[in-house]
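What follows is a short report on a single structure.
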Amino acid sequence: MNETAPSSAATSTVLHRVPFYETDAMGVVHHSNYVRYLELARIRWMEEHHRPYREYVDADRHFATTRVEVDYKRATRFDEEVAITCWLEWLRGASMRMAYRLEAPEGIVAVAATEHALVDTQGRVRRIPAADREQMRTLLAG
């Protein structure tokens, strides 16, 4: 996984200040919260660069998560502000891969990637509409 987005990639960044309830008994952010952070950034990326996710929902479509990879670099603690930067890594007929860099003031917290398949409300895989694919291709890294 890349630690930084290629200069050609369209990126979005979400700032998240860690609330106490996201920490565990050791005082660090519980690993399950990172998946939520990735979701926040992916939805922001779609809104800023493609179209709001709610338009897919209104059309009875969803980008189901099919894979999550997180490489943790250091612990994150209560009240730290984490910048979650997201970009589109690849795009196929019915799927896409997003990459992420999570950074706090002291440095990189994690790098991550998620893969998603476009599905209907019954869970059947559907092709990403051609016009959407063409527009999203212009946002690709590399």
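Here, each number is a calculation from the coordinates, and none is a lab measurement. Just so you know, these numbers come straight off a predicted model, no measurement behind them.
In sequence order, the range 25-42 has phi-based couplings of 4, 8, x, 10, 4, 5, 4, 5, 5, 4, 4, 5, 4, 4, 4, 4, 5, 5 Hz under the Karplus curve 6.51 cos²θ - 1.76 cosθ + 1.60, θ = phi - 60°, and Gly or Pro positions carry x. Note on the chain: the alpha carbon radius of gyration divided by the globular reference 2.2 N^0.38 Å gives 1.07. Which of Ser95, Ser12, Ser32 ends up with the largest GNM mean-square fluctuation for the chain, with Cα atoms connected below 10 Å? Judging by the Gaussian network model, the answer is Ser32.
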